[in-house]
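Below is one structure, written out as structure tokens; comments come after it.
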Amino acid sequence: MAAVPHGFNEVGIVGTGAMGQGIAQMSAQAGAIVHLFDVSTGAAQAAHANLLAMWAKLQAKGKITPEQATSFATHVVVATDIESLASCDLVIEAIVERLDVKQQLFVQLEGIVDSQCVLVTNTSSLAITSVAAALSRPERFAGYHFFNPVPLMRVVEVIAGLKTNAGVCARLSNFTSAMGHIPVQAQDTPGFIVNHAGRGYGTEALRIVSESVADFCTIDRILRDQMGFRLGPFELMDLTALDVSHPVMESVYNQYYQEPRYRPSVITAQRLAGGVLGKKVGAGFYAYEGNVPNGAVITPPEPPVPNVRNMPPVWVSPKAARRPELYQLLKDLGADIETGQTPSEQALIVVAPLGLDVTTLAAVERLDATRVIGIDMMLSDASVKRRVLATNPATRDDMRDAAHALFATDGKAVSVIRDSGGFVTQRVVAVVVNIAADMCQQGICSPQDLDVAVHLGLGYPLGPLAMGDAIGPTNVLEILFNLQTVYGDPRYRPSPWLRRRGALGLSLTHLESRS
Ligand code: NAI
């Protein structure tokens, strides 16, 4: 692909708001002459002034040389009318998100630019093929999806519509590389790559809350401290704001004809209706103090570790995940470990399920449920900053408190939640991996592009497929099968792409040559 010259020497930007300005900056920095056009009076001039001020600031900070600042500045011009874009090789649209207005603009542009000019839209929610349907030459039209803020978000989705010429996408990819950004290729499907792959994280966290398993803040803490997500799902929704994120959840769900994997939640629908949108209004899943929209988050305190005087002996289920590691952990924590075939009358009984809930294990293994506690051992204890325990509806308070105190002995954070198939991390991660796997099954993008796009576009600690490999595809598959058993919800049905690789114990990230 690197052999294809992009050939975009003159670039028109139509719509010079937040996105258009950022794209103009990157295009000028890639060496193109950039024409700024906007219908709103003075908008293109304001964008031009902002760009010059920004390059002056970057120069003052030593990030670019004075020569670069001058060169970039001379590369940007304000177009007085749309006809001034006639000499462009590429026109990038970043106007209002409306199909009719975008189509109207491109029809107009077709009458202005020459037949070789590439036309692209920065839409994040409209189908590229639908926008192209109005054009007489849809083969030179593509999606070119940047993320906000453009200079910092390094991934760019290049989307082929049904009739887009493959050479157009190759040239756009090379232009993206010239900007110093990373192009990923996507098929024209709802949400493209990033907004599709991101459907699991928030929706599964919302389901967990809707089952009263744990509160918002506990779920955020668990996902940050166990899996290394930078932001918990509720912190993230507070930052993005529900007037943006809830409609995206509904849109992808409905565009996929109510696919259960993407099912939105009544919780966000209601909060959106009530105006509890997030940080920008000073009220979201968290409370904020100080000036709106920049108030400081108020984080609820961690529940205290109970004071337990008489620690019971501990018996571990023979079927526990990572049983030897769990034994070693209990030994390190100073527990009195029982090694008999069955627990004594006093013992705290520990199970470590994958995907199943604590109740199911207590019933299937015929254990005394009043003394059964679950611990999430999907990840190695050494790799997590927080241990997660789950009760079942019969667990005695003294047993719950003893387990909490025992697993907090070394000072590591402990969260105690109510029963949940797959605790928190198992089910959220399994859902994220499964959606990514199904995107591969559908051929929306390559596995490599998927992981790069999600890692850079959503800031996940690893791409979803790499996450699946870290946990083990067979384990992810087991979690999903068991979640289906617990909930009976087709949401958790494993994608064939994952089922085949999980069944054979194959890696999710090193299979380029296989189907
Ligand atoms: P914005 O509201 O900041 O800027 C839009 C600009 O387009 C305004 O200056 C407006 O005057 C101008 N405009 C509207 N209709 C026009 C027309 N017919 N011809 C010429 N100019 C016109 O919006 P923003 O945030 O820059 O978004 C623009 C587009 O980028 C939308 O389609 C959106 O879906 C897409 N996008 C936005 C992202 C975001 O986070 N804001 C992320 C990725 C894509």
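The values are calculated or read from the model by the stated rules, or taken from the named source; none is laboratory data. Everything numeric in this text was worked out from a predicted model, so none of it was measured. In this analysis, Cβ positions are derived from the backbone assuming ideal geometry, glycine residues included, and neighbour counts consider all displayed protein chains. These area figures cover heavy atoms from the full protein model, side chains too; ligands, DNA and RNA do not enter into them. Shrake-Rupley method; radii C 1.70, N 1.55, O 1.52, S 1.80 Å.
Can you tell me the accessible area per residue over the range 430-515, all protein chains present, probe 1.4 angstrom, in square angstrom? Mind dumping the intermediate values first?
On the way: 3290 Å² over 86 residues.
Ligands and nucleic acids excluded, the result is 38 Å² per residue.
Per-residue HN-Hα couplings for the range 54-71, Karplus 6.51 cos²θ - 1.76 cosθ + 1.60 at θ = phi - 60°, whole Hz, x for Gly and Pro?
Those phi angles translate into 5, 5, 5, 5, 5, 5, 4, 7, x, 7, 9, 7, x, 5, 5, 4, 5, 4 Hz.
Hey, got the dipole for the range 39-179? About the Cα centre, +1 on K and R Cβ, -1 on D and E Cβ, debye to the nearest 20?
480 debye
With the other protein chains left in place, how much accessible area per residue, in square angstrom, belongs to the range 8-166 at a 1.4 angstrom probe?
Ligands and nucleic acids excluded, the figure is 42 Å² per residue.
Per DSSP helix of 4 or more residues, -39500 (n - 2.57); summed, then divided by the residues of the chain. What does that give at 222 nm, rounded to the nearest 500?
Estimated from H runs of four or more residues: -12500 deg cm²/dmol.
Quick one: putting +1 on the C-beta of Lys and Arg, -1 on the C-beta of Asp and Glu, what dipole do you get for the range 106-220 around its Cα centre, in Debye to the nearest 20? Before the final figure, lay out each step's value.
Working: 7 positive and 9 negative charges, 76 e Å.
Here the size comes out at about 360 debye.
Grab every C-alpha pair in the range 71-187, bin the distances at 5 angstrom width from 0 up to the longest one, and report whole percents.
Bins of 5 Å from zero give 2, 12, 22, 24, 21, 14, 4, 1 percent of pairs.
What dipole magnitude, in Debye to the nearest 20, does the chain give about its Cα centre under +1 on Lys/Arg Cβ and -1 on Asp/Glu Cβ?
Here the chain has a charge dipole of around 540 debye.
To two decimal places, what compactness ratio does the chain give when its Cα radius of gyration is scaled by 2.2 N^0.38 Å?
Dividing the Cα Rg of the chain by 2.2 N^0.38 Å gives 1.12.
Given a 1.4 angstrom probe, I'd like the percentage of the accessible area of the chain that is carbon and sulfur, rounded to a whole number.
The C+S portion of the solvent-accessible surface of the chain is 54 percent.
Keeping every protein chain present and rolling a 1.4 Å probe, give me the accessible area per residue for the range 283-351 in Å².
Here the per-residue accessible area is 63 Å².
Would you work out the Kirkwood radius for the range 1-148? I mean one over the mean of 1/r across all pairs of different Cα atoms, in Å.
The answer is 15.7 Å.
For helix 166-178, report the angle its Cα long axis makes with the longest principal axis of the Cα atoms of the chain; keep it between 0 and 90° and round to the nearest 10°.
80 degrees
May I ask you to evaluate 6.51 cos²θ - 1.76 cosθ + 1.60, the Karplus curve with θ = phi - 60°, for each residue of the range 230-239 and list the ³J(HN,Hα) values in order in whole Hz, giving x for glycine and proline?
5, 10, x, x, 7, 4, 4, 5, 5, 6
Among 90-98, 475-483, how do they line up from the highest to the lowest mean number of other beta-carbon atoms within 10 Å?
The most tightly packed comes first, giving 475-483, 90-98.
Would you grab the residues whose amide H sits under 5 Å from the one on V414? Only those 5+ places off in sequence or on another chain, please, with H modelled 1.01 Å from N.
R387
Using per-residue counts of other Cβ atoms within 10 Å, averaged over each peptide, order 423-434, 46-57, 330-341 from highest down.
Taking the mean over residues of other Cβ atoms within 10 Å, the ranking is 423-434, 46-57, 330-341.
Highest mean first, how do 164-174, 311-321, 256-266 rank when packing is the count of other Cβ atoms within 10 Å averaged over residues?
164-174, 311-321, 256-266
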